[in-house]
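Read the structure below first, then the notes.
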Amino acid sequence: MTNDHGPSPLGPGSPYSDASIYVDADAAPRIMARLRDALGLVEDDGPELAIGPVRVTGEPNDYATGRRAHPFDFLEWPTVLECEASEGTRAEVVQAVTAVLEALWHGGFKAVAACDFEDELPARGGIDRYPYLAPAPDGGAVFSSTGTWWKNLMSPGKRKGRNL
């Protein structure tokens, strides 16, 4: 029986080993610097951050279209933060990704996490923060959220080298 909060390290195929956080802002280095300041990290100005067992790198989103994307279209936001964990517990990974999301939100950034454990993150990884109008059966509109429709589009953390 597996304990979700036990001390065993994460394996490479674990659903907790990676997450992608989409950010509606340009300039990944600026976002990383703001995160470094918000989280009180005193590391050098390198291209990655270590938050608990999670290594975070920022890069331009290959799927960004260059136009101002609607909050519903977070997969097209210009920056993606790749979060990878090869050790630590599941609870530690969730806590680290939560810290990144909350630091971004408190800094005024729109951010949504795409991962297998977003239901364990605040606001379901951020998707609940950005409701959209969906057509109602009577022809009107109702507020809704995306659920997990996007999981069929791409696998988070596996973006590099994939052509869709």
Qualifying residue in segment 124-136 (condition: in contact with an Asp or Glu (Cβ under 7 Å, 6 or more places away or on another chain), modelled with pLDDT of 90 or more and among the acidic types (D, E)): no
Test result for D73, free of Cβ contacts under 8 Å to residues at least 12 places away in the same chain, closer than 25 Å to L10 by Cα and under 15 Å from the mean Cα position of the chain (by Cα): no
Failed condition for A141, given (1) open to solvent by 30 Å² or more (accessible area, probe 1.4 Å); (2) of a type in the set (A, V, I, L, M); (3) modelled with pLDDT of 70 or more: (3)
Test: T148 is under 23 Å from P15 (Cα atoms), open to solvent by 60 Å² or more (accessible area, probe 1.4 Å), modelled with pLDDT under 90 and out of contact with any Cys (no Cβ under 9 Å at 6 or more places or on another chain): yes
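The values are calculated or read from the model by the stated rules, or taken from the named source; none is laboratory data. In this text, all values refer to a predicted model and were calculated from it rather than measured experimentally. Note that each Cβ is placed from the backbone with ideal geometry, even for glycine, and that neighbours are counted across all protein chains shown. Heads up: the accessible areas ignore ligands, DNA and RNA and are worked out on the full protein's heavy atoms, side chains in. Shrake-Rupley method; radii C 1.70, N 1.55, O 1.52, S 1.80 Å.
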